[in-house]
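K.L.:
Below is a structure I'd like to ask you about.
Taken together, the values in this text are just the output of simple stated rules run on the coordinates, not laboratory data. Since the model is a prediction, treat every value here as computed from it, not as a measurement. Neighbour counts run over all protein chains shown; Cβ positions are idealised from the backbone, glycine included.
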Amino acid sequence: MIRHRILDRGAWVFLVILGIVTVMVPVLNLAFPPESALHVPTYLVALFGKYVCYALLALSIDLIWGYAGILSLGHGAFFALGGYAMGMYLMRQIGTRGVYANPILPDFMVFLNWKELPVFWYGFQHFPYAMLMVLAVPGLLAFVFGWFAFRSRVTGVYLSIITQALTFALLLGFFRNNFGFGGNNGLTDFKDILGFNVQAQATRAALFAISCIALGVCFLICRALVTSKFGKVLVAIRDAEARTRFLGYRAESYKLFVFTLSACMAGVAGALYVPQVGIINPSEFSPGNSIEAVIWVAVGGRGTLTGAVLGAILVNYAKTTFTSGPLAPYWLFMLGGLFIAVTLLLPRGVVGTWQWLLARRQAAAAAKAEATPAAEPAPRAAE
């Protein structure tokens, strides 16, 4: 019986690097004074934390696209729903410190002349309830959507279009002021999280470390799935769904489970994203954000997990660099060109191409070793 290791060498390297970053960035931020060359500024800690949240979103997309063949162009919706759940908790913590000093209603509700708190805001003053909603709301939406889509055997480009329509519908709904989520301005002006000042240096460092830990935990969950028998069935569904059904596997159940799990991971990424950037608004539901996240996975290499993380960090670092200078108006053209270049020149992505080259080199070395005859022992001299 062949046993597959959950962690191969590449996974160990990734976890070691992630662990070092998790520890070193907060230490360099808190332990060294600002004038030190080793000091990491607080704004960079928040920026790196945003990159880690994007990496977690990319990981969730790679799980369904790289291993189950489900191309979702609406995963940004689950990311935004998790963010709104966290934002609602943070808004309830403001209390009388808001502009209108209302102990219950957020400022935007007072401004819109709301008289009482909507029912769906109840319970968000409690952190455990808010964290439950971070998982439950995206997960429930993904479950209901997947139940109808996968049992109707909607696949390919049609499923991608439907997921994009879903996030666009949510975008339009959350833009409405009477929807109860702040309308166009969204939720912002956060004060505390678990009693700690959300703007404090130590809080920023802690949020970064928690984001890295969440990324590591989700990575281990994904590795455990894709290296198990469940993962082998997922790959079979991706490559030949009709044949897998013929063998007796309920493909829709496998796809529904992994799609729901992926949505929960995206919700966690959104929840960690909001306190680090300080705002959540309907623009996070934009279909363009979901498409951009798919590009991250394509650049890093789908079906690799580590490639999705690397692609998210590389593309967002490039976005930060180029959108802060004279090339800002051309960023979307550059992003599109990057996607085309990767599709044509590196169809496996950066990490996928690297793994392919290593496997090819090892196969060539093994073939050469087999082709080389073993050296015969020299004949003994006649006595």
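K.L.:
Take the residues in the range 165-177 that are buried (at least 17 other Cβ atoms within 10 Å of the Cβ) and aliphatic (A, V, I, L, M), then tell me which one is farthest from PHE285 (Cα to Cα).
P.N.:
Checking each candidate, the answer is LEU166.
K.L.:
Something else: Give, as residue ranges, the helices (runs of 4 or more DSSP H) completely inside the range 200-269 that count at least 2 residues that are in contact with a Leu (Cβ under 7 Å, 6 or more places away or on another chain) and over 20 Å from THR304 (Cβ atoms).
P.N.:
It comes to 201-226.
K.L.:
Something else about it: Which residues, taken from the range 99-129, are of a type in the set (Val, Ile, Thr), out of contact with any Asp or Glu (no Cβ under 8 Å at 6 or more places or on another chain) and within 16 Å of THR188 (Cβ to Cβ)?
P.N.:
If the condition is that a residue be of a type in the set (Val, Ile, Thr), out of contact with any Asp or Glu (no Cβ under 8 Å at 6 or more places or on another chain) and within 16 Å of THR188 (Cβ to Cβ), then VAL110 is the only one that fits.
K.L.:
What residue, among those in the range 126-164 that are among the small types (Gly, Ala, Ser) and within 16 Å of LEU71 (Cα to Cα), is surrounded by the fewest Cβ atoms within 10 Å (Cβ to Cβ)?
P.N.:
GLY156
K.L.:
If you don't mind, there's one more thing I want to ask. Looking at (1) farther than 25 Å from LEU166 by Cα; (2) crowded, with 19+ Cβ neighbours inside 10 Å, can you tell me which one ALA308 breaks?
P.N.:
Among (1) farther than 25 Å from LEU166 by Cα; (2) crowded, with 19+ Cβ neighbours inside 10 Å, ALA308 violates only (1).
K.L.:
Looking at LEU73, LEU44, LEU18, which is the one that is under 23 Å from the mean Cα position of the chain (by Cα), over 21 Å from LEU187 (Cβ atoms) and either of a type in the set (Asp, Glu) or surrounded by fewer than 17 Cβ atoms within 10 Å (Cβ to Cβ) (or both)?
P.N.:
Selected residue: LEU44, the only one of LEU73, LEU44, LEU18 that is under 23 Å from the mean Cα position of the chain (by Cα), over 21 Å from LEU187 (Cβ atoms) and either of a type in the set (Asp, Glu) or surrounded by fewer than 17 Cβ atoms within 10 Å (Cβ to Cβ) (or both).
K.L.:
If you don't mind, another one. Residue pairs, Cβ under 7 Å, 6 or more apart or interchain, first in the range 90-118 and on the phi < 0 side of the Ramachandran plot and of a type in the set (Asp, Glu), second buried (at least 16 other Cβ atoms within 10 Å of the Cβ) and assigned to a loop (DSSP other than H, G, I, E, B). List them.
P.N.:
Sorted first by the residue in the range 90-118, then by its partner, the pairs are ASP107/GLY98.
K.L.:
Can you pull out every residue in the range 172-225 that is among the hydroxyl-bearing types (Ser, Thr, Tyr) and within 20 Å of the chain's Cα centre (by Cα)?
P.N.:
Answer for the range 172-225, where residues must be among the hydroxyl-bearing types (Ser, Thr, Tyr) and within 20 Å of the chain's Cα centre (by Cα): just SER211.
K.L.:
If the requirement is being within 27 Å of LEU171 (Cβ to Cβ), assigned to a helix (DSSP H, G or I) and in contact (Cβ under 8 Å) with a residue 12 or more places away in the chain, which of these qualifies: THR353, THR320?
P.N.:
Selected residue: THR320, the only one of THR353, THR320 that is within 27 Å of LEU171 (Cβ to Cβ), assigned to a helix (DSSP H, G or I) and in contact (Cβ under 8 Å) with a residue 12 or more places away in the chain.
K.L.:
May I ask you to say which residue of VAL40, VAL45, VAL25, VAL16 is free of Cβ contacts under 8 Å to residues at least 40 places away in the same chain and part of a helix (DSSP H, G or I)?
P.N.:
Answer to the check: VAL16.
K.L.:
I'm trying to understand the selection: among the residues of the range 330-352, which are under 16 Å from VAL309 (Cβ atoms) and of a type in the set (S, T, N, Q)?
P.N.:
Correct list: empty.
K.L.:
Tally the residues that are surrounded by fewer than 21 Cβ atoms within 10 Å (Cβ to Cβ), over 22 Å from THR96 (Cβ atoms) and touching a helix residue (DSSP H, G or I) at 6+ places or on another chain (Cβ under 8 Å), restricting the search to the range 178-210.
P.N.:
8
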